[in-house]
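Below is one structure, written out as structure tokens; the observations come after it.
The values are calculated or read from the model by the stated rules, or taken from the named source; none is laboratory data. Because the structure is predicted, anything quoted here is derived from the model rather than measured. Please note: Cβ atoms are built from the backbone with ideal geometry, for glycine as well, and neighbour counts cover all protein chains shown. Heads up: the accessible areas ignore ligands, DNA and RNA and are worked out on the full protein's heavy atoms, side chains in. Shrake-Rupley method; radii C 1.70, N 1.55, O 1.52, S 1.80 Å.
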Amino acid sequence: MNFTLVTPDDTWVNSMQGQALPECLAFRTRHRADVAFIVTMAGRIIQMQSGFAMLESAYAQPNNAANIMMKNLLDLCIGVLAFYLFGYTIAFGESYDVGIADAGFDLAHWFCSFSYATTAATINSGALAGRVAFFPYLALSTMMTGLVYPISARLVWGHGWLQQMGFVDFAGSATVHLVGAVSALVSTMICGPRIGRFPEYRSWRKPWSWLFGEKHDDQYYRVPQDPVEKKVFISFRRCRHPVQLLFGTFLLLVGFLAFNPASTFSVTSGHDLVMAHASATTLLAAAGAGIGGMAYSMARTRSTVVRVPELTNALIGGLVASCACCVVIPLPVAPLVGLIAALLTLSVEELLAYFQVDDAVGAVAAHGPSGAWGTLAVSLFAEKHCSGNSEIVGLFFGGGEEAWKHLGIQCTGILMLTGISLGFTYVIVMLVDFLFGFRCSRACELIGLDFWEHQFDDGSLQSNNDKAALFDLAQMREDLSRRNRHLDSVVPKKWRSPSKSYVDVTESVDSRESRARTSTTSQSMSSESTDLPKSGESAEPAQVGLSDQKDPHIAVLTEKVADLERKIALLTLGHLRQKGERKGTTEDVCGTRVTAEAASQESSPMAPLRTTRSDPGY
């Protein structure tokens, strides 16, 4: 049988153009099989967002899991609009002759290109999990999808300078993953670690504090010492849901088996062999990375124990490394590329932890060094084979001087893409931080972003008096700050709270503790006496009309209000203790029942609370 008569080629495209309706003629730029292939693969790549979301929420504290999912979902929703409006034009405007808010005629290419853009943007989500504010994060994600990634893609794939030099990055080890990892590293260093992640953390010192805009002192990032905050605080744990983490990794593995082959953008005219070769090398690289992660974990534990996070991060590192070189390396080399990527990933992860850089899920380590290594592997291991690689020969296969030159080009591309991501991310994050604040508030982080930003209450706010007290106190401060914001220009600088202060200038530590006690104590006494104020009411007289005042001494008035609240709290505490002496038991200032003997031992507002029950829900 003569297969040449049924093999798709340019004649088929011309034939389909002849059969197309007049309004569809311009859109018929590819063979039907190619269009179906690209769209299917791009859909699987976008499905990787669910894998990222599952993986990240497996690491997150339970009160931040929904926030992680929300950010990954809106990465997609907002990112696609940004890419449609201007991202695609920046990346491929010259190649496909498109303008602002224009996807051109090759919609399959536009759709697949967006799937790569959203992958680069979501790397920030994992690294910043648990402490970045919701809308500032979305601003960063939007700029990553619509600006930073498109600039990189134009240089490498849009007939840009790197492509003209001969830079090779088939599926984005550097263009997608390294760019995303560098952005995540810069964002993390500006944002700072999660509270309690490093018990002996030291905040940035000069000149680094100027460079990264440090706003807090050491104690802000360490385990809380305040009694109420200590009860609300959820201690750090590297991985909370190993099964969910493994399931998310499976989703990413399947997604990468579309991520790399999709870059052929065709299965006709012999490109089906390229796609098959890319699929095989990708899977073999993942296998080598998995073995490397298992060996690394066993070496670290000095036993037969294989820890889940090390295996999963190693596997992702191997998949990332395969992106650039999957179509040029021979099959036997692919496991070696994955193995080296796994060791790099886990080593860099340990190095970042040593320098107290809080990469919440290991995203920087999994996508950064692995992406750079995979890009260099093109110049080291490329070999001519039947799948279409007829230009590049690596150093280890006799490339000689040309291979050395190509290695220099690859290094130049890595440095240039790193610089673009670093520079743009730094400017974006610092600008967002200056205008709105990049990191969420302390109370928001301790209570959890799920409730603070999405009003998801798992019931703990009703059962945990300490969490309710901290929330009421934070709301009171936020309201007072909002009412006084317009007076910033007239209030003397010496009366404003400095940005690096752990405790507000306008209140002492005792006052801060008394405020928290007042809010919960008032709630517990509301059923016994109608004369006592409810939670948060003690500050209301001072708040009424503040927005209309022009008094520059507002900070002094706030100090007086704090003193009055402290006195009310002490009187309330004395009333409870007298009542408890008659009954034998009483309630402490957080609504927890304690014995009279334990209450009498509480000699100062900062004394630890001795309870007869454990904290609910934690």
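Once the other residues with Cβ under 15 Å from the Cβ of residue 259 are scored (Lys, Arg +1; Asp, Glu -1), what is the net sum? Write down the numbers at each step before the final one.
Numbers: positive: 44; negative: 169.
Result for the neighbourhood of residue 259: 0.
Could you calculate the FRET efficiency of residue 299 with residue 396 from 1/(1 + (r/R0)^6), where r is the beta carbon distance between them and R0 is 35 Å, rounded to 0.05?
Details: r = 26 Å, r/R0 = 0.76.
It comes out at approximately 0.85.
Based on the Cβ-Cβ distance from residue 164 to residue 250, what FRET efficiency comes out when R0 is 35 Å, to the nearest 0.05?
Calculated transfer efficiency: 0.35.
Per residue of segment 78-88, in order, report the coupling 6.51 cos²θ - 1.76 cosθ + 1.60 (Karplus, θ = phi - 60°) as ³J(HN,Hα) in whole Hz, putting x for Gly and Pro.
Result, ordered by residue: 7, x, 5, 5, 5, 5, 5, 5, 9, x, 5 Hz.
Over segment 171-324, what percent of the accessible surface lies on carbon and sulfur atoms, probe 1.4 Å?
67 percent
At 1.4 Å probe size, with every protein chain present, just tell me what the per residue accessible area of segment 282-336 comes to in Å².
Result: 36 Å² per residue.
Please turn the phi angles of segment 201-212 into ³J(HN,Hα) values with the Karplus equation 6.51 cos²θ - 1.76 cosθ + 1.60 (θ = phi - 60°), one per residue in order, whole Hz, x for glycine and proline.
Per residue, the Karplus-derived 3J(HN,Hα) values read 5, 10, 5, 4, 9, 4, x, 5, 5, 6, 5, 9 Hz.
Just add up the charged neighbours of residue 298: K/R +1, D/E -1, any other residue whose Cβ is under 12 Å from the Cβ of residue 298.
Result for the neighbourhood of residue 298: +2.
When ligands, DNA and RNA are left out and all protein chains stay put, how many square angstrom of accessible area per residue does segment 395-466 have with a 1.4 Å probe?
50 Å²
Probe of 1.4 angstrom, ligands and nucleic acids ignored: what's the accessible area per residue over segment 116-155, in square angstrom? Before the final figure, lay out the partial values.
On the way: 570 Å² over 40 residues.
In whole numbers, segment 116-155 has 14 Å² accessible per residue.
With r as the distance between the Cβ atoms of residue 458 and residue 47 and R0 = 35 Å, compute the FRET efficiency 1/(1 + (r/R0)^6) and round to 0.05.
0.80
Which ³J(HN,Hα) values in Hz, rounded to whole numbers, follow from the phi angles of segment 111-122 under the Karplus curve 6.51 cos²θ - 1.76 cosθ + 1.60, where θ = phi - 60° and Gly and Pro get x?
The phi angles translate into 4, 5, 5, 5, 4, 6, 5, 5, 5, 5, 6, 6 Hz.
Just the accessible area for residue 229, please: 1.4 Å probe, Å², rounded to the nearest 10?
Counting only protein heavy atoms, the figure is 20 Å².
If a/c stays under 1.5 just call it rounded; otherwise compare a/b with b/c (prolate if a/b is bigger, oblate if not). Do that for segment 142-217, with a ≥ b ≥ c from the square roots of the Cα gyration tensor eigenvalues.
Prolate, since a/c reaches 1.5 and a/b exceeds b/c.
Amide H of residue 439: which non-local residues (sequence gap of 5 or more, or other chain) have their own amide H closer than 5 Å, using H built in the peptide plane?
133
Would you check the accessible area of residue 143, probe 1.4 Å, heavy atoms only, in square angstrom rounded to 10?
That residue has around 60 Å² of solvent-accessible surface.
Considering only protein heavy atoms, with the full assembly of protein chains and a 1.4 angstrom probe, order 206, 231, 384 by accessible area, largest first.
I get 206, 384, 231, largest accessible area first.
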